[in-house]
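The values are calculated or read from the model by the stated rules, or taken from the named source; none is laboratory data. No experiment lies behind these values; they were computed from the predicted model shown. Neighbour counts run over all protein chains shown; Cβ positions are idealised from the backbone, glycine included.
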Amino acid sequence: MKARVLIRPKEGILDPQGKAVERALPALGFEGVEHVRVGRMVELEAEDPARLAELCEKLLANPLIEDYEIQTL
Amino acid sequence: MIWGVLQFPGSCDERDALYACSLASGEARMIWHEERDLGGVDGVVVPGGFSYGDYLRAGALARFSPAMEAVAELAAAGGPVLGICNGFQVLCEAGLLPGALLRNENLRFVCRQLDLLEVDGPISGDMGPESAHRPLSIPAKHGEGRYYAPEEMLDRLERDGQVAYRYAPGQNPNGSLRDIAGVSNEAGNVLGLMPHPEHAVDPLTGSTDGLRVFQRLEGLAR
């Protein structure tokens, strides 16, 4: 089964990458864009989707600093 | 005591660490990351660099190497383990140390000599134990060194004396919470810090304060 894992910095954790992107936007004429957060996306094919959450907890995300969301395709 | 220094693909400070260990205690050897047996060393340094290319997250892949299993066993048995920079990230990812290291607040790689305050135990009263020590002059060089832990965990670490090093006032180079530069585990035998004590062991480079970091752990070897 194909799946997509979205990983993002936890709410409340400073995301300087997102801030840098946000600050760059007005210079390009994109006004009114706020709360930009930059994360990661992992695509994979798994034989046993039941274990995806465990896989995310142990490797793909660091649960202390990141939230993840599994989308099966 | 005999120090072992781990070597991952992508490590780059293992030779300085080996030199520092041999200066500090007389004997040190390199340990390839695929070795499951640490060969009877008394303590281990997990060195700086970019283990496994820092893919995914810094330290995330190195923690699964065979040598790290052996390091976890050594740590559980009370043996001294020192993680420097990328090694600190590896120990946090492995759950041997609390917290995580995030991208520097200003997004820039930092490379400079700075002062570290050594913290010996739980903070109490107005005069923190920090004031009893001369700061250590040690270089830092990293892009992902912003120490993070949830507020309640930070409170607990401070209360239990697990904050081992702080950046001197005004010298926090990366936005680390509460100026934390290094932490230890509950037992005190596992220690990690972002600055590089192994680069400050020879008068040639201006400071030998880094030796104090190695000596701090040597007393714990059997």
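Pull up the range B:100-121, narrow it to residues that are farther than 20 Å from B:G161 by Cα and in a loop (DSSP other than H, G, I, E, B), then point me to the one that is farthest from the other protein chains (Cβ to nearest Cβ).
Residue satisfying both the conditions and the ranking: B:F109.
Which residues, counting only those in the range B:50-98, are touching a Pro at 6+ places or on another chain (Cβ under 9 Å) and within 20 Å of B:A149 (Cβ to Cβ)?
B:L82, B:G83, B:I84, B:C85, B:N86, B:G87, B:C92
Report whether or not B:G83 is in a loop (DSSP other than H, G, I, E, B), out of contact with any Lys or Arg (no Cβ under 9 Å at 6 or more places or on another chain) and within 22 Å of B:D16 (Cα to Cα).
no
So B:G206 fits all but one of (1) over 24 Å from B:R103 (Cβ atoms); (2) at pLDDT 95 or above; what number is the exception?
(2)
Which of the residues that make up the range B:109-147 are at pLDDT 95 or above and surrounded by fewer than 21 Cβ atoms within 10 Å (Cβ to Cβ)?
The answer is B:F109, B:V110, B:C111, B:R112, B:Q113, B:L114, B:D115, B:S137, B:P139, B:K141, B:G143, B:E144.
Looking at this structure, is A:E34 closer than 25 Å to B:A100 by Cβ and loosely packed, with under 12 Cβ neighbours inside 10 Å?
Criteria not met by A:E34.
Would you kindly identify the strands (runs of 3 or more DSSP E) lying entirely within the range B:1-63 that contain at least 3 residues that are within 13 Å of B:Q89 (Cβ to Cβ), in contact with a strand residue (DSSP E or B) (Cβ under 7 Å, 6 or more places away or on another chain) and acidic (D, E)?
No strands (runs of 3 or more DSSP E) qualify here.
Look at B:E144 and say whether it is under 21 Å from B:L96 (Cα atoms) and assigned to a loop (DSSP other than H, G, I, E, B).
Yes, satisfied.
Name the single residue that is nearest to the chain's Cα centre (by Cα) among those in the range B:145-156 being more than 13 Å from B:V183 (Cβ to Cβ) and within 11 Å of another protein chain (Cβ to nearest Cβ).
Among those residues, the one meeting the criterion is B:R146.
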